Amino acid sequence: MASQASVSAWRPRVPGVVEVFHARFTEYAYPMHVHDAWTLLIVDDGAVRYDLDRHEHGTPHDTVSLLPPHVPHNGAPATAGGFRKRVLYLDGSHLAEGLIGAAVDRPDLRDPLLRRRVGQVHSALVRPGDELEAESRLTLVGERLREHLRSREAVGVPRRDPVLARRLRELLDERIVEGVALAEAGGTLSAHPAHLVRAFSGAYGIAPHQYLMSRRVGRARRLLLEGRSPSEVAVAVGFYDQAHLTRHFRRLVGVTPGRYRATGAAAGG
């Protein structure tokens, strides 16, 4: 098989994410190197073998690998067809340096829920305008990683906080168009972003990013029935662009904004 490689990399507008890196390699092998950020890795096809702290590790399909900063490691395909991977490079806002030792001891985590959540973060990151969803999902990923790296005795039971949930809802209601990042909301409400997501979801049965998109779609419906164009409405209610509006509108309403607007015009005939 001829050597094949494809790479895409970008820095999203999501606090804590230094870089997103998606790649497919068939033969390329990384030499020993270090990163100054946490490396959160999932492999979608094939497998990777690597050495970390003089011990050999591997990344089968159902594994999440977390490589700590400043610790040398390498990487090479473990299967004949190479591998396809997705990587998040994270700063210290989600994982403190005190967890580096635990990550060196247990870099490969067999956790289907964590694997699914990391994949959801990546899915949100490739959709412009869904940064709040990515940030929200990443807070839960960070929380679960910390649970793996800390002793089980140190992990507390999540507590309900309806007052905090209501305050976050009020903040989201005030910022429907411009939106608010979870890190900013946490500073405003004096709460950790992960606790914000837990409290809100526990109180209302919906994540903060889902609530905000629902409110934006609700406003979009009213404006579309007034005869305004989907492109104009998208900007007016806070979506990234018309495609961003269409994606969420179809998911929540079942039709595109254009079709919805046309039905209103026909009914008003």
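The values are calculated or read from the model by the stated rules, or taken from the named source; none is laboratory data. Predicted, not measured: the structure shown is a model, and the values here were computed from it. Cβ coordinates were reconstructed from backbone atoms using ideal geometry, including for glycine residues, and neighbour counts include every protein chain displayed. Ligands, DNA and RNA are excluded from the accessible area calculation, which covers all protein heavy atoms including side chains. Shrake-Rupley method; radii C 1.70, N 1.55, O 1.52, S 1.80 Å.
Within the range 112-125, is even one residue outside any helix (DSSP H, G or I) and out of contact with any Pro (no Cβ under 6 Å at 6 or more places or on another chain)? No: the range 112-125 contains no residue that is outside any helix (DSSP H, G or I) and out of contact with any Pro (no Cβ under 6 Å at 6 or more places or on another chain). When the range 126-136 is filtered for residues that are buried (at least 22 other Cβ atoms within 10 Å of the Cβ), part of a helix (DSSP H, G or I) and out of contact with any strand residue (DSSP E or B) (no Cβ under 9 Å at 6 or more places or on another chain), the ones remaining, listed by number, are Leu132, Glu133, Ser136. Among the residues that make up the range 211-218, is at least one of them surrounded by 21 or more Cβ atoms within 10 Å (Cβ to Cβ), of a type in the set (D, E, K, R) and either touching a Cys at 6+ places or on another chain (Cβ under 9 Å) or part of a helix (DSSP H, G or I) (or both)? Scanning the range 211-218, I find at least one residue that is surrounded by 21 or more Cβ atoms within 10 Å (Cβ to Cβ), of a type in the set (D, E, K, R) and either touching a Cys at 6+ places or on another chain (Cβ under 9 Å) or part of a helix (DSSP H, G or I) (or both), so the answer is yes.
Given the criteria open to solvent by less than 60 Å² (accessible area, probe 1.4 Å), in a loop (DSSP other than H, G, I, E, B), touching a residue at least 24 places away in the same chain (Cβ under 8 Å) and of a type in the set (A, V, I, L, M), does Ile206 qualify? It would help to see each step written out before you state the result.
Working: open to solvent by less than 60 Å² (accessible area, probe 1.4 Å): yes; in a loop (DSSP other than H, G, I, E, B): yes; touching a residue at least 24 places away in the same chain (Cβ under 8 Å): no; of a type in the set (A, V, I, L, M): yes.
Answer is no for this residue.
The residue of the range 79-88 that is surrounded by the most Cβ atoms within 10 Å (Cβ to Cβ), among those that are in contact with a strand residue (DSSP E or B) (Cβ under 8 Å, 6 or more places away or on another chain) and either more than 23 Å from Pro112 (Cβ to Cβ) or at pLDDT below 85 (or both), is Gly82. Taking first residues from the range 253-269 that are more than 14 Å from Glu226 (Cα to Cα) and partners that are open to solvent by 40 Å² or more (accessible area, probe 1.4 Å) and modelled with pLDDT of 85 or more, the Cβ contacts under 9 Å between residues at least 6 apart in sequence or on separate chains come to Val253/Arg221; Thr256/Arg250. Residues that are charged (D, E, K, R) and in a strand (DSSP E or B) were ranked within the range 89-111; the one that is least open to solvent (accessible area, probe 1.4 Å) is Asp108.
Candidates in the range 1-46 are the residues that are outside any strand (DSSP E or B) and more than 29 Å from Pro128 (Cα to Cα); of these, the one that is modelled with the lowest pLDDT is Met1. If Arg115 passes every condition in (1) closer than 15 Å to Asp44 by Cα; (2) open to solvent by 40 Å² or more (accessible area, probe 1.4 Å) but one, which one does it miss? Unmet condition: (2).
Inspect all residues belonging to the range 84-95 and state whether any of them is free of Cβ contacts under 8 Å to residues at least 60 places away in the same chain and among the β-branched types (Val, Ile, Thr). The answer is no, given that none of the residues of the range 84-95 is free of Cβ contacts under 8 Å to residues at least 60 places away in the same chain and among the β-branched types (Val, Ile, Thr). The set of residues from the range 161-186 being under 13 Å from Tyr204 (Cα atoms) and outside any helix (DSSP H, G or I) comprises just one member, Asp161.
Condition first: open to solvent by 50 Å² or more (accessible area, probe 1.4 Å) and under 30 Å from Val235 (Cα atoms). Can you find one or more residues in the range 151-160 that meet it? No: zero hits.
Screening Leu223 on (1) within 22 Å of the chain's Cα centre (by Cα); (2) assigned to a helix (DSSP H, G or I) shows it passes everything except condition (1). Of Asp62, Asp36, all but one fail to be touching a residue at least 12 places away in the same chain (Cβ under 8 Å), farther than 18 Å from Arg117 by Cβ and of a type outside the set (Ser, Thr, Tyr); the exception is Asp36.
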